[in-house]
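A short write-up of the structure that comes next.
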Amino acid sequence: MRFTDTKGLWSKWNPQEGTQIRWKYENADSGQMFVHEAKPENGLYTIKALSIPLSARTKRSKSWEGVRFKQLAQEIATNNGLSAQFYGVSDQVYPVMFQKDESDMAFLSRLCTYECCQFIVYNKTLVVYSEAYMESQSADEEIEIKEDGKFTYNNNRTRMYGSCEVKSGSYSGSFSDPSPATSSVYRPEGVRVSNNAEAARFAKGLLRDQNKYGWTGQVSKKLKTEYAACSVMKLKTPKAETWNGKVFVYRAIHDYMANKTTLYFRGLVEGY
């Protein structure tokens, strides 16, 4: 956030790292956030704040045996002063799991990728969701892009993979895209598994992660703060109908100075 501070009120307050703030404007609400950086500059004041607490940046090492996915996510949430919610998540069991010199959020992000999940943090709540579950939801709203609309579409399907193979010691597993755009094989390194079934499941998640941006786009509209990331919308472009249909919004930027909202979206992943 950057705003005018000609009277130096914010400079006098001088919020420190970790200070909790919450920004509200009309129907927009950032939820509780944590200051990561604050800087005065020539009558302006800039605050960089994230919904993730500073404690989540600390690198840790730990191992678990016979632990479930939700249990791990809940432990990470609790360790960082957050509550946890889950949507469409399969509560997989891990015979062994390692967090090695990773921050809690980096570790959870890796684990979510293996399980075709992702997460966001909002208002001191860790929200973990299955990507397929979220993509299956009804569209929240229709985005119509008229002839004079400002938009960009990108077709990246030639850079997608047809399958993924995971190998770890004597264990291995693979997963193939039901409708592959290419025949190329993704072979990630450093993935640790406990059995063949886990290797195949992780291969599925890793393939989804590589392919989900097969086609992407962005559009700028008049400021509308109801638009949010992690939502499904219906795209309608009269002059480019092949792009029409449901899309997943993965990022939303609200520019109050320019009175516009820019949405970044991707196509849905079919079959997995």
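The values are calculated or read from the model by the stated rules, or taken from the named source; none is laboratory data. All of these numbers come straight from a predicted model, not from anything done at the bench. Cβ placement follows ideal geometry from the backbone for every residue including glycine, while neighbour counts extend to all protein chains displayed.
The table that follows gives values for the structure above.
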item: Cβ-Cβ under 9 Å pairs, at least 6 apart or on other chains, the range 10-21 side without any contact (Cβ under 8 Å) to a residue 60 or more places away in the chain and under 13 Å from Leu44 (Cα atoms), far side surrounded by 14 or more Cβ atoms within 10 Å (Cβ to Cβ) and hydroxyl-bearing (Ser, Thr, Tyr); result: Trp10/Tyr45; Ser11/Tyr45
item: Hits in the range 239-270 - residues which are over 20 Å from the mean Cα position of the chain (by Cα) and buried (at least 16 other Cβ atoms within 10 Å of the Cβ); result: Trp243
item: From the options Ser103, Ser168, Ser172, Ser90, residue that is closer than 30 Å to Lys24 by Cβ, among the polar types (S, T, N, Q) and touching a residue at least 12 places away in the same chain (Cβ under 8 Å); result: Ser103
item: Pairs with Cβ under 6 Å, 6+ apart, first in the range 130-142 and of a type in the set (S, T, N, Q), second surrounded by 13 or more Cβ atoms within 10 Å (Cβ to Cβ); result: Ser130/Gly88; Ser130/Val89; Ser130/Cys117; Gln137/Val232
item: Pairs where the first residue, in the range 176-194, is more than 28 Å from Phe98 (Cα to Cα) and the second is basic (Lys, Arg), C-beta under 7 Å, 6+ apart; result: Ala181/Arg157
item: Strands (runs of 3 or more DSSP E) contained in the range 1-117 and holding at least 2 residues within 27 Å of Glu131 (Cβ to Cβ) and among the hydroxyl-bearing types (Ser, Thr, Tyr); result: 83-87, 93-103
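Yes/no matrix, rows are residues, columns are (1) surrounded by 13 or more Cβ atoms within 10 Å (Cβ to Cβ); (2) at pLDDT 90 or above; (3) over 17 Å from Tyr122 (Cα atoms):
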| position | (1), (2), (3) |
| --- | --- |
| Gly43 | no, no, yes |
| Leu82 | yes, yes, no |
| Val89 | yes, yes, yes |
| Pro95 | no, yes, yes |
